[in-house]
Amino acid sequence: MSYYLTIDQGNSSAKIALFSNFDIVESRRVDALTMQEIDSLIDRRELTAAIYSSVAADGDDIVDALATRCKRVYRMSSDLLLTVEIGYDNPSSLGADRIAACAGAAALFPFNELLVVDAGTAVTYDYVNAQTRFVGGNIAPGLRMRLDALSSHTSRLPHVDVVGPEPEWGTDTDTAMRLGAIQGVVGEIEHYAAKISASNKKIILTGGDAEIISRHLPIAHEVVPNLVDIGLNSILLFNEY
């Protein structure tokens with residue numbers, strides 16, 4: 001049996017996932033990416049190949065260590081063979097995590113017009129058309145960044161955690177700030193979704209805050225926690241075969 005490893009190093013944590021061809025065997029999120037964590041996930045299985053993606057660190061030590069555990073290690077970039085066509089002026093400037101999320105959405109929902117929302121430290125809104133072309137996308141502050149900005153740029157607003165009561169309307173300062181951040185993202189999603197008029201439109205949410213946003217999003221959508229992992233694996237397999 002062939003096993004493949006995907007690593008998605010984000011700004012504040014890393015996601016590692018083990019695949020058997022297209023099927024996820026196991027995945028986990030870690031605060032600090034180490035080979036001990038990776039070896040624990042692999043659990044003595046024989047790896048065929050791995051792919052490393054990062055928005056934060058170069059990961060040379062991880063890539064070098066992985067090279068001793070499998071036949072091939074890929075670094076995620078626009079230079080690889082991709083399962084989506086990049087319609088960006090400078091493809092190399094498009095974040096690897098955004099490419100992977102779009103590739104994952106295209107793999108799961110082929111022949112659909114896709115709005116891919118990755119809600120993490122930042123929120124990205126990316127449009128992939130039914131011909132699997134990445135048309136473009138926008139970047140906005142994530143929930144925590146919005147709340148931190150309110151606290152740090154005012155004299156009296158407190159620090160508020162993203163996790164807490166979520167009424168429809170704020171009934172105190174904490175809930176007013178939290179719901180302002182959440183409903184702001186919800187409004188952005190509805191705005192971008194309205195720009196895609198096709199009947200075969202799908203909205204896909206992923207990222208650490210996807211579940212929070214999903215609870216307040218009134219339009220049809222899918223939450224796919226492992227979207228980036230799935231996209232990385234699809235790109236890895238595309239390069240393998």
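Per-structure values
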| read-out | value |
| --- | --- |
| Within a Gaussian network of the chain (alpha carbon springs, distance under 10 Å), most fluctuating of Asp229, Asp89, Asp31 | Asp89 |
| Degrees, to the nearest 10: 143-152 long Cα axis against longest axis of the chain | 50 |
| Dipole in debye (nearest 20) - the chain, about Cα centre, beta carbon charges: Lys, Arg +1; Asp, Glu -1 | 320 |
| Cα centre as origin, Lys/Arg/Asp/Glu Cβ charges: region 1-75 dipole, Debye | 220 |
| CD proxy at 222 nm, helix term only [per DSSP H run n ≥ 4: -39500 (n - 2.57); per residue of the chain; nearest 500] | -10000 deg cm²/dmol |
| Within a Gaussian network of the chain (alpha carbon springs, distance under 10 Å), most fluctuating of Glu46, Glu168, Glu37 | Glu168 |
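Quick note: the coordinates plus some simple rules give every number you see, no bench work behind them. None of the values given here were measured: they were computed from a predicted structure. Cβ sites come from the backbone with ideal geometry, for glycine too, and all protein chains shown count toward neighbours.
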